[in-house]
1. When a/c is below 1.5 the answer is rounded, else prolate if a/b is larger than b/c, else oblate, so apply that to chain A with a ≥ b ≥ c taken from the square roots of the Cα gyration tensor eigenvalues.
2. Among A:306, A:26, what is the fewest-to-most ranking by other Cβ atoms within 10 Å?
3. For the peptides B:72-78, A:393-399, what is the packing order when you average, over each peptide's residues, the other Cβ atoms within 10 Å and list the highest mean first?
4. Would you mind calculating the gained length between residue B:52 and residue B:24 on full extension (0.36 nm times residue separation, minus the Cα-Cα distance), in nm to one decimal?
5. Please compute, for peptide B:112-118, the average count of beta-carbon atoms on other protein chains lying within 10 Å of each residue's beta-carbon.
6. Residues of the range A:202-220 with amide nitrogen under 18 Å from the 7 Å Cα-to-Cβ point of residue A:239?
7. Given a Förster distance of 22 Å, report the FRET efficiency between residue A:828 and residue A:471 from their Cβ-Cβ distance, rounded to the nearest 0.05.
8. Students often get this wrong: which residues of the range A:465-508 have the backbone nitrogen under 13 Å from the point 7 angstrom along Cα-to-C-beta of residue A:514?
């Protein structure tokens, strides 16, 4: 047992720990623990009040037992008691226990919060620190409810000690992470930003973490942090290694703070102010220059700290993606690391280069390292490094090097670790398809994949090869020949049998002229594999056989014999039996013509996004599969993909109709999609009534004039229009009360042929989907009339167009790259695809139409800001028409998922 | 940082610090899985690995493994140096720290960690400042301790 070096020793605790360590078996340990638990329990229950020291000791023992992995179901109360002790050590142990063993027992939480509150108010910095640590460690919602208001005050108060400020900043960060809704932005935010200027580097370090997290969610609010962060960073990187005293770590000035500042800057686009931007570029250049200087120490800590800053700087350069010079320098630096003797650096260089490969400025520079990366794939001893090499090869692949990269991946696959085989298979399949100039090469590659790693070839992969062969008639003959040859192998993978069966069933006729692959030979070859295959494959082969009956009348009887055999007709598997019975019957009763029709060659598959890509995305998360090509990809249209636009809520608004209503009384407008891109027009018309609209919108406010026209020569009586907001809408589109939307009441009598007018004021409080319904009731002649129409108030009405340059557009586009921020819809054109009309619609939709932004002039891009009362939401959109397929792909990126979703729905309806 | 684990070569957990809310069951599962994964790695391998959607950064010091789980955008190298700085802090406090110090004074190891990292972020990187905070606390402790001993020495004896 070591001598306890400092402070107190709780001897009883040390003895207990020793006992546990001396236990020879798990059972002995449990026995000793149970004994101790019984002892502690009796002490806690005992009549004698325990003094603080004993309580502390027992609580500490319980903690130790818990940390050993045993359950603890008592002692919480004693720990809470310790919190209010005036003795520091007792308080400290109490807080530790609470931090480790939080219990959402509400009674206890109240007591804990009380103790924390007292300590926060104590003005004793040590106690305040303990309390803040506890809040940060527990970080529960209850704590956030109790302290999210108090902690910011402590953080920005002028008289708070530095160490308390540090704890308060990170405590607040933790609360914001668990319950962002409970941490209100306020006056304190601007003062927090100014902590970046604080003299105490520890305070700056803690504050930078907080600001980074807050800025990710509220970029506008923390915009001013950019210039402060740049100047702080600049002072650090230009300082001599001794300037920062204890904040210098192995001759590297404030590495943690530098990394954090660089991270903060990655929440923003490059600074707009040229002076700030210039200063930042200087910093980044200095960091890159330092990497070339000889090391100031041989210690690995020195190089790690230095390179940590360097890698973070490179991340920022990649994030900005705007300075070709810096990007290429970054790439060269990483290139050096690719051959570094430190495995860690090689790993990180490979990882970082993956993102560099997706920048158009550095893609070529990354490609020059292809040989090093291929070598890494072959020689690295650590599988996680090889995995990075595979990722990088995938990212740097383009038309120029696809054949080489695919070949290398295939050859690596033969010896690859089992854990990464499936992923490599998917990657090879994707690259082979994407960069196939020659589809024979594609077919060869996939068959090789099946040969080398058949077990890892998922259904998606072999489905895809069949889709492609069926859609491209130039490769069908070659595919038939190749699968036929591949099937000759004595032991071939079942996936090959599937592909072979399907392809020969469709295109076996293309090679049947050769006596070596005559129909009978083909059939015998396939059937020789039949009995070794699983049920689904056998089912597939039965379909191939019936296709053969159509393709090759000469083998009909052979196949009928096979189908008729007991092992087929009486197969225990229902699916196989049914196929055998039906196919046999079909081949017997159907005429040649009918057979030819039923068993005709498969029609081409609709073009769609590769299901393999979808699978890889699912496997790896969307961010890792995007690459340069994705942004400029040839359009591929997914007929099945994309969420269907929600149908307009036509039914909801239909009012009760009298039995003798006018037969053509539609009683409801189509739901207002025709008003998405225009503000004026006729909203509704039947034989009695016409409703016209004129509306104007500015920022988050709007005004709508509604005109009711009586088309008859008779008076409408009791004419009462009412605006009905769905419950959840009232909070979104605000009037003082739902009825007071209508600011001017309407005269209850509308004379024949007359028109009356009404005004509705609208305020957009937050984003919304449903529109209010206008219900009109009146008496016409002897009958009661009821009309309901949806008012065409849609989210896009609160758009303000924003003009921006191509560079800015893509900059922002990239910043909105979280999967939740993007919504995409691929849909068939409902109207003629006319460029001018499309432009007019996008402008009518409310966004700016940005010319000469998209590299493809056929595409349309737009930008704007949705104004609501509380926030402004920047929106980017891109519409890619595909004239050939008569389809569109529409992509919306905004900072808010629901907004992206709604705008995409609305705009998709317009084309 | 999402969590930090210290465990021995035999796979015994010596310290666990969680910065995200997880159930005890999940914590145990994660610990088991990671201890196994890390112990299976060979000495010359790189210190980083992908694990679920996190990045694991680990380093071995004598008989102890220090293992941190960080998020995708976090910096691996600086995390490696977080580990090192923590080891330096322990070393300085205990005077050439060994696994036993951490076993017998586990509460101190937690206190030091809280001064250095809070909410998964670096709070104070200056070695001097962190140790100053801890030593101040120790001072307070000794003061109260002396007070206490003088008052009820006998009761204390019995408690042992």
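FYI, it's all coordinate maths here, none of it is from the lab. This is a predicted model, so every value here is computed, not measured. No Cβ is skipped: glycine too gets one built from the backbone with ideal geometry, and neighbour counts run over all protein chains shown.
1. Oblate, because a/c is 1.5 or more while a/b does not exceed b/c.
2. Values: A:306 24, A:26 8.
Listed from fewest to most nearby Cβ atoms, that is A:26, A:306.
3. Answer by packing, highest mean first, reads A:393-399, B:72-78.
4. Extending this stretch completely gives an extra 8.2 nm.
5. Numbers: counts 0, 0, 12, 5, 0, 2, 16.
Other-chain Cβ atoms within 10 Å of each residue's Cβ, averaged: 5.
6. Only A:202-209 pass the distance filter.
7. On the way: r = 19 Å, r/R0 = 0.86.
Efficiency, from the Cβ-Cβ distance: 0.70.
8. It comes to A:477-488, A:508, nothing else.
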